[in-house]
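So the structure is just underneath, and the comments pick up after that.
The values are calculated or read from the model by the stated rules, or taken from the named source; none is laboratory data. Values in this document were obtained by computation on a predicted structure and should not be read as measured data. Backbone-built Cβ (ideal geometry, glycine too); neighbour counts: all protein chains shown. Accessible surface areas use protein heavy atoms only, side chains included; no ligands, DNA or RNA. Shrake-Rupley method; radii C 1.70, N 1.55, O 1.52, S 1.80 Å.
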Amino acid sequence: MGRVGTSYPENIDQIREQEYPNLRDTTYLDHAGTTIYAKSLIDQFARDMAANLFGNPHSRSPSSELSTRRVDRVRLRVLQFFKANPEDFDVIFVANATAGIKMVMDAFIQCDKNTTLPHTQDSPRPFWYGYHRDSHTSLVGIREIASQGSRCFEADQEVEDWISGKLATELDHPGSESQLGLFAYPAQSNMNGRRLPLDWSGRLRESSLPGHGNIYTLLDAAAYVTTAQLDLSNSKTAPDFTVLSLYKIFGFPDLGVLIVRKCSGHILERRRYFGGGTVDMVTCIKDKWHAKKAERLHEKMEDGTLPFHHIVAVDSALDVHERLYGSMDRISRHTCSLAKQLYDGLSSLRHANGKAVCVIYKDPASQFGNSKTQAPTIAFNVQNSRGGWVGKTDFERLADLHGIQLRTGGVCNPGGIASSLNLAGWELRRNFMEGTRCGNDLDVLGGKPTGVVRVSLGAMTNFHDIHHFLQFVSATFVDERHRFSELVTPGLSLEPPALQQVDSLRIAPIVGCAEWEIPAETSWEVRSTGLAWDREWCLVSEMTGAPLTTREHPAMKRLKSSVDIQEGVLKVRAQLEEVGETELTVSLWDIPSPTCEVKANQPSEDDTELPVPTPYTSKTISDFFTAAIGAPCTLARFPADSFPQAAEGSE
Ligand SMILES: *Cc1c(COP(=O)(O)O)cnc(C)c1O
């Protein structure tokens, strides 16, 4: 602890006491959401605001010129902070990292042939998009506009193979020289804190392979910059576009920046829109002519009035940050060492029966204690001594009772969650159909967690925070006497114990329909995903192929489905009007095969590899369900091969 304390100019506990009164009674472990502003930053900013008159930067008055000067100065200071030479880079102020991503995306849309507008000066070019699995949702969304297709790189090795020409992409075909490409990835996963290689941009640029000439790179540094020094000193190897949010470094102001390599700025300049601030002259009566600002890139991109007060606040943020912490490298050392202690502590917690308490989602390639590969962010779930999952919502509620603040859920990182939790596409879709939504409390489905608990450290995290958190997990979740439930606050539901010990088992063979209790004394197959035949089927609309939900079709809940292993059938019972109770049986081995029609309904090309439910074509089946639900629908089945083989055999 002594060494940690000395990494800053002043002792960390002193900094905490003086600068963060709002953290006094809480253990705040969500710095990946936002870090916290120092009191001095707010005080200095308030003095600055009170002492000066700031006018709209677009005027010529002294107050306006003051704003302009200060904004220009901050632009330079921001570049300096990231060691970027102003000769080679420009800063565009945006609302947040996501707005920066969208600005880059918009530029590529403008280049794309699918958006041919009148008066296009450049010939349109199709656009391909590649992104890494660990991307934040804000990066993933760009795939929706890439007319030439997109690719999610599922592992670093795939990126390496692609850069070295061993892996072909949608871009590799004759004529691709005229196509534009964008490759985006996060410098750090916002989910598990893994840090990705930073040399990909430079290596792609150097590559002389045919498809690589027109590929630009977009680095999402939003998570990285909180506790690491982003170094853009080598403009030859730097990404073309880098986005980040300043609140993640300083806690305030709420402002984002897009840092652009000037040699790649022409991509952004293809946009046709202009607004106040980005145009020198416009005629709009009769004759439609305009002259866009021609000098500096940011002038051409920053439409409307800049958030100039926020930009002025960056001055105070930089001053105070440097005074308190010295440098990003010191923050990196401080947080890296604390994170190692936290990681070691969490991974050493054991129940009395020897079972680990925390399942930590760490990338095998990363190592706590090594800041090149791992940030001070830990994603995990807790298991009780019988292997049952503690729901993330319960974990968060209990943490809250102990004054601990953290983040749970999917944390805006779909690829990271799917791979860490080993969730296949069909399972994610099933979870969605069952009601899993960003931020809700459906914690465990089909025997797997739907999200994670994430703790993340920041510059002002101290040893007490780590100690308090470890103490909490250990006192609350470690089963020392094999009587887990007694240690937990009453009234909070926790996952049921492991299957061997429950008195009854229930499954819902058809998603959304009534649950069915497996008859006692029946042995039942347990797969790594949960109980066999659970949620293997669903109902889909005959019109659109989309799955039905119980919200729209409450009648689903009255359908009774069961599985008869002896007879090898799925049985469904429903009350049909006029006929009364009717039973339908469908062979368990009747596996519908997909038709072209079904495929056409599946949204984007990325999803084709994810299993989707396939409808049965039998009219008997569709008539039965249509009558039972009161809407044209039929039964569909998730593809058999998407179900893992029996993992543990029968009980
Ligand atoms: C926080 C974060 C974002 C989004 O930042 P906004 O400020 O919400 O736009 C994007 N990517 C990563 C890696 C992040 O950590």
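Report the accessible area of His464, computed with a 1.4 Å probe over the heavy atoms of all protein chains in place, in Å² rounded to the nearest 10.
The accessible area comes out at roughly 110 Å².
Can you tell me the Rg and the Dmax, both Å, for the Cα atoms in the chain?
Considering the chain through its Cα atoms, Rg and Dmax are 28.2, 88 Å.
Tell me which chymotrypsin sites (Phe, Trp or Tyr not before Pro) from the range 137-205 have a DSSP coil assignment and no more than 15 other beta carbons within 10 Å of their own.
Counting only loop positions with at most 15 other Cβ atoms within 10 Å, none of the chymotrypsin sites (Phe, Trp or Tyr not before Pro) in the range 137-205 qualifies.
Could you please state, rounded to a whole Å, how far the C-alpha centre of the range 509-551 is from the C-alpha centre of the range 388-456?
Using only Cα atoms, the two centres lie 21 Å from each other.
Taking the solvent-accessible surface of protein heavy atoms with a 1.4 Å probe, what is the per residue accessible area of the range 31-324 in Å²?
Per-residue value: 42 Å².
Leaving out ligands, DNA and RNA, what percent of the accessible area of the chain is carbon and sulfur, probe 1.4 Å?
That share works out to 50 percent.
Which entries in Lys448/Lys571; Lys248/Lys372; Lys83/Lys300 show an alpha-carbon gap greater than 22 Å?
Lys448/Lys571; Lys83/Lys300
Any chance you could check the Cα centroid distance between the range 296-332 and the range 182-231 for me, in angstrom?
About 22 Å separates the Cα centre of the range 296-332 from the one of the range 182-231.
Which Cα, out of Pro197, Phe274, Gln80, lies furthest along the positive dipole direction of the range 31-324 (beta carbon charges, K/R +1, D/E -1)?
It is Phe274, whose Cα lies furthest towards the positive end.
Would you check the accessible area of Ile145, probe 1.4 Å, heavy atoms only, in square angstrom rounded to 10?
Ignoring ligands and nucleic acids, Ile145 comes out at about 50 Å².
Write down the accessible area per residue of the range 328-485 in Å², having rolled a 1.4 Å probe over the full set of protein chains.
Solvent-accessible surface per residue comes out at 37 Å².
Which angle from 0 to 90°, rounded to the nearest 10, does the C-alpha axis of helix 97-111 make with the longest principal axis of the chain?
Compared with the principal axis, the helix lies near 90 degrees.
Hey, can you grab everything whose amide H is under 5 Å from the amide H of Leu445? Only 5+ residues off in sequence or another chain; H modelled, so Pro and N-termini drop out.
Thr450
Rounded, prolate or oblate, given the Cα gyration tensor of the range 328-485, with a/c below 1.5 counting as rounded?
Verdict is oblate for the range 328-485.
Using the Karplus curve 6.51 cos²θ - 1.76 cosθ + 1.60 with θ = phi - 60°, work out ³J(HN,Hα) for each residue of the range 370-387 in order, rounded to whole Hz, and write x for Gly and Pro.
Each residue's phi maps through the Karplus curve to give 10, 6, 5, 10, 9, 8, x, 9, 10, 10, 7, 9, 10, 10, 7, 5, 9, x Hz.
What GluC sites (Glu not before Pro) in the range 291-353 are in a loop by DSSP, with at most 14 other Cβ atoms within 10 Å of the Cβ?
For GluC sites (Glu not before Pro) across the range 291-353 that sit outside H, G, I, E and B with at most 14 neighbouring Cβ atoms in 10 Å, the list reads Glu295.
What is the magnitude of the charge dipole of the chain about its Cα centre, with +1 placed on the Cβ of each Lys and Arg, -1 on the Cβ of each Asp and Glu, and no other charges, expressed in debye to the nearest 20?
1840 debye
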